[in-house]
1. If I filter the stretch 197-215 down to residues being away from the ligand (no atom under 16 Å from the Cβ) and polar (S, T, N, Q), which single residue comes out as surrounded by the fewest Cβ atoms within 10 Å (Cβ to Cβ)?
2. Of all residues in the stretch 173-196 being farther than 19 Å from residue 138 by Cβ and within 13 Å of the ligand (Cβ to nearest atom), which is surrounded by the fewest Cβ atoms within 10 Å (Cβ to Cβ)?
3. Could you check, for the stretch 62-77, whether at least one of its residues is within 15 Å of the ligand (Cβ to nearest atom), surrounded by 15 or more Cβ atoms within 10 Å (Cβ to Cβ) and of a type in the set (Asp, Glu)?
4. Please report, ordered by residue number, the helices (runs of 4 or more DSSP H) entirely within the stretch 34-127 with at least 2 residues that are free of Cβ contacts under 8 Å to residues at least 12 places away in the same chain.
5. Could we say that residue 236 is surrounded by fewer than 14 Cβ atoms within 10 Å (Cβ to Cβ) and either within 16 Å of the ligand (Cβ to nearest atom) or of a type in the set (Lys, Arg) (or both) here?
6. Being of a type outside the set (Asp, Glu), modelled with pLDDT under 95 and either within 16 Å of the ligand (Cβ to nearest atom) or within 25 Å of residue 107 (Cα to Cα) (or both) is true for just one of 162, 218. Which residue is that?
7. Condition (residue is modelled with pLDDT of 95 or more and loosely packed, with under 14 Cβ neighbours inside 10 Å) applied to the stretch 3-15: is it met by at least one residue?
8. Inspect the stretch 8-20 for any residue being on the phi > 0 side of the Ramachandran plot, of a type outside the set (Ser, Thr, Tyr) and touching a residue at least 24 places away in the same chain (Cβ under 8 Å) and give the result as yes or no.
Amino acid sequence: MSQNKLIVSNWKMNLNIKNSIKIITNMASLNLPKLRNCKNIICPQFLLIPKILEITKDKDIILGSQDCHYEEKGAFTGDSSIEMIKSYNCKYSIIGHSERRQYYNESNENVHKKATILQKNKLTPIICIGESLDQRKKNIHLNVLSKQIVECIPKELKDIVIAYEPIWSIGTGITPSSDEILEVISFIRNFLKKNNFSDKSSILYGGSVNSANIDLIISASKADGVLIGGASIETNEINKILSYFYFN
Ligand code: PGA
């Protein structure tokens, strides 16, 4: 792999301490070479982060959180502050995931505020955008995506990581064709350029990524990596996906 690649595991609320340790232990047995152009980023549920930090200290694994709050601190019951996320050495944070948009009414405005506090604290936001099935059917997906980009991404953000995740593909086993992914990834790249966003950007694809479709997704779509849900909590799956990037 010549280009920079980000392989992001989004464990969601799926693992406990025991089975998350198992995944890391099995991953370690792959003996992945240290590659400058591949980043193995794991985003555990908040309560797992301290343990995962402890067991990945000597490994080439980067930690990220699955969300963050946009205020430094305050009366926000149940939320986690940027200070805590930073203190456990997280370098990335997923924001604007469609599950947070759906279940917690996360708005583009909130995502924008989160991206701002992350940049201020030198963490890289992984900003999720994506259209619904209805929007795709109406062929308005590119409009939806451009609105999300404009409203979620601060113009001054230096290191942009966007995860294009069509909502209809998340957890469904259905993926867009590689041409459809290529269309969107190229559109996002051009849109960022035309609208004077930072030229340091990585565009990832997410939605039903697995070991069987990874080659098709990456080689044909020119994505800079993947955001993986379901397959990231299956040892064999995530190990095969990592091997694809590290040994190819
Ligand atoms: P999935 O989830 O890989 O299970 O479709 C992706 C995501 O929600 O980020």
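The values are calculated or read from the model by the stated rules, or taken from the named source; none is laboratory data. Keep in mind it's a predicted model, so treat the numbers as computed, not measured. Cβ sites come from the backbone with ideal geometry, for glycine too, and all protein chains shown count toward neighbours.
1. Filtering first and then ranking leaves 198.
2. 173
3. Yes, the stretch 62-77 has at least one match.
4. 82-87, 98-104
5. Yes: the conditions hold for residue 236.
6. 218
7. Looking through the stretch 3-15, at least one residue is modelled with pLDDT of 95 or more and loosely packed, with under 14 Cβ neighbours inside 10 Å.
8. yes
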